[in-house]
1. Tell me, please, whether a residue that is assigned to a loop (DSSP other than H, G, I, E, B), among the polar types (S, T, N, Q) and out of contact with any strand residue (DSSP E or B) (no Cβ under 9 Å at 6 or more places or on another chain) can be found in region 90-98.
2. Do the conditions hold for L273, that is, is it touching a residue at least 12 places away in the same chain (Cβ under 8 Å), outside any loop (DSSP other than H, G, I, E, B), under 18 Å from E360 (Cα atoms) and not β-branched (V, I, T)?
3. Answer yes if at least one residue in region 136-144 is out of contact with any helix residue (DSSP H, G or I) (no Cβ under 9 Å at 6 or more places or on another chain) and either free of Cβ contacts under 8 Å to residues at least 24 places away in the same chain or surrounded by fewer than 22 Cβ atoms within 10 Å (Cβ to Cβ) (or both), and no otherwise.
4. Taking the condition of being without any contact (Cβ under 8 Å) to a residue 12 or more places away in the chain and either in contact with a Cys (Cβ under 7 Å, 6 or more places away or on another chain) or part of a loop (DSSP other than H, G, I, E, B) (or both), how many residues in region 334-378 meet it?
5. Take the residues of region 197-237 that are among the polar types (S, T, N, Q) and part of a helix (DSSP H, G or I): which is surrounded by the fewest Cβ atoms within 10 Å (Cβ to Cβ)?
6. What tally of residues in region 153-207 results from selecting those that are away from the ligand (no atom under 16 Å from the Cβ), farther than 28 Å from F135 by Cβ and without any contact (Cβ under 8 Å) to a residue 60 or more places away in the chain?
Amino acid sequence: MTMTAPTGKKRNAVATLATAPVRRKQPRQHKRPDPADLLAWYDRHRRVLPWRALPGAASDPYAVWLSEIMLQQTTVVAVAPYYAKFLARWPTVAALAAAPLDDILKMWAGLGYYARARNLHACARAVVERHGGRFPATPDALQTLPGIGGYTSAAIAAIAFDRPAVPVDGNVERVVTRLFALDEELPGAKPAIKALAAEIAPPQRHGDFAQALMDLGATVCTPRKPACVLCPWQAPCVARRQGTQDLFPRKAPKRAGKPRRGAAFVVLRGDELLVRTRPAKGLLGGMTEVPTTEWSATFDTDDALGFAPLKAAWRQRGERVTHVFTHFPLELVVYVARVPARTGPPDGMRFIPVREIAGEAFPNVMRKVLRVAGLHSE
Ligand code: SF4
């Protein structure tokens with residue numbers, strides 16, 4: 001059997017088939033989140049915050065930086081009174097740079113994560129010494145300053161200088177992973193989240209977009225029961241459509257640190273309290289504390305009095321202090337003793353008037369110790 005050439009009509013049909021686009025079943029196309037929708041929502045619902053410029057007004061880089069450092073690991077409600085106190089006492093970065101570190105630590109006491117307070121001071125000095133008292137405007141230049149990492153540099157660049165940068169914090173991670181139903185687990189998912197956040201950013205209004213994302217995460221796309229009916233991005237949100245909002249962001253299981261134990265010694269000499277200053281570097285660096293033993297997983301509290309700072313009639317308090325640091329939980333046994341007026345402080349320690357406790361740079365764990373010991377503190 002011989003093959004015959006196709007007729008002209010048939011040839012044309014073959015050619016047409018060969019060049020026609022291949023029709024495949026396409027995945028359902030979802031509408032991309034439009035930044036204009038979020039910005040329009042922000043213009044109506046933006047939060048009023050003490051450090052936030054009014055609509056149309058220029059942001060103060062000092063105010064933006066101060067608030068962003070304070071807000072790391074802390075809530076807006078907790079930060080607001082500290083922000084007001086700092087700004088009233090040190091209204092410019094130059095004033096903060098000229099302040100003694102000890103005054104800053106005292107003002108910071110209670111806000112936690114004390115390395116931030118030391119970096120705050122170092123950063124203020126660097127801005128004055130290296131930049132003539134003006135914050136640089138780009139994320140790269142900002143990251144050369146103490147205490148300013150990737151997130152904070154993007155926040156300052158966007159909010160204070162309207163530079164194209166999207167700061168990605170926990171709120172933004174939640175919004176973005178839900179919008180795209182991103183399956184990858186945190187923390188490994190961070191680069192993907194950043195890339196998606198940059199993809200949906202607008203070509204202008206960078207500061208407003210950054211703050212709008214933060215506000216959406218804080219007020220609408222909340223960790224539990226997000227108010228999707230109020231969300232300007234409900235149409236393109238994949239998790240909302242699937243009803244899987246609660247599953248995002250996905251997180252790798254945390255490895256909790258081993259619990260540590262120790263003892264704290266509250267020594268009273270009349271109306272005075274024995275204290276010392278922690279080493280400048282490390283956990284709670286530069287903060288004030290009552291003497292304690294080491295804090296370790298293997299510490300035996302039965303041996304605690306062998307580490308007391310001086311000989312005295314020690315009385316153990318019934319209540320123990322528990323405190324959770326980022327990397328480990330701590331339990332402290334509290335001992336209290338009164339010593340005669342002639343007792344001098346051991347090396348490296350000092351007595352302070354009890355009435356000055358509130359103004360001392362005691363971290364929260366020490367304030368708990370003082371409360372258990374029956375001393376007043378904030
Ligand atoms: Fe979050 Fe709901 Fe908005 Fe999706 S629709 S971004 S889950 S608030």
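1. Within region 90-98, the subset assigned to a loop (DSSP other than H, G, I, E, B) is 90-92.
Checking the rest, the ones that are also among the polar types (S, T, N, Q) come to 92.
Still in the running and out of contact with any strand residue (DSSP E or B) (no Cβ under 9 Å at 6 or more places or on another chain): 92.
Scanning region 90-98 turns up at least one residue that is assigned to a loop (DSSP other than H, G, I, E, B), among the polar types (S, T, N, Q) and out of contact with any strand residue (DSSP E or B) (no Cβ under 9 Å at 6 or more places or on another chain).
2. yes
3. no
4. Of the residues in region 334-378, 3 are without any contact (Cβ under 8 Å) to a residue 12 or more places away in the chain and either in contact with a Cys (Cβ under 7 Å, 6 or more places away or on another chain) or part of a loop (DSSP other than H, G, I, E, B) (or both).
5. Taking the candidates together, the pick is T219.
6. 1
Computed from the coordinates by the stated procedures, all read-outs in this text should not be read as laboratory data. Note that the structure is predicted; figures quoted are calculated from it, not measured. A quick note on method: Cβ atoms are made from the backbone with ideal geometry, for glycine too, and the neighbour counts reach across all protein chains shown.
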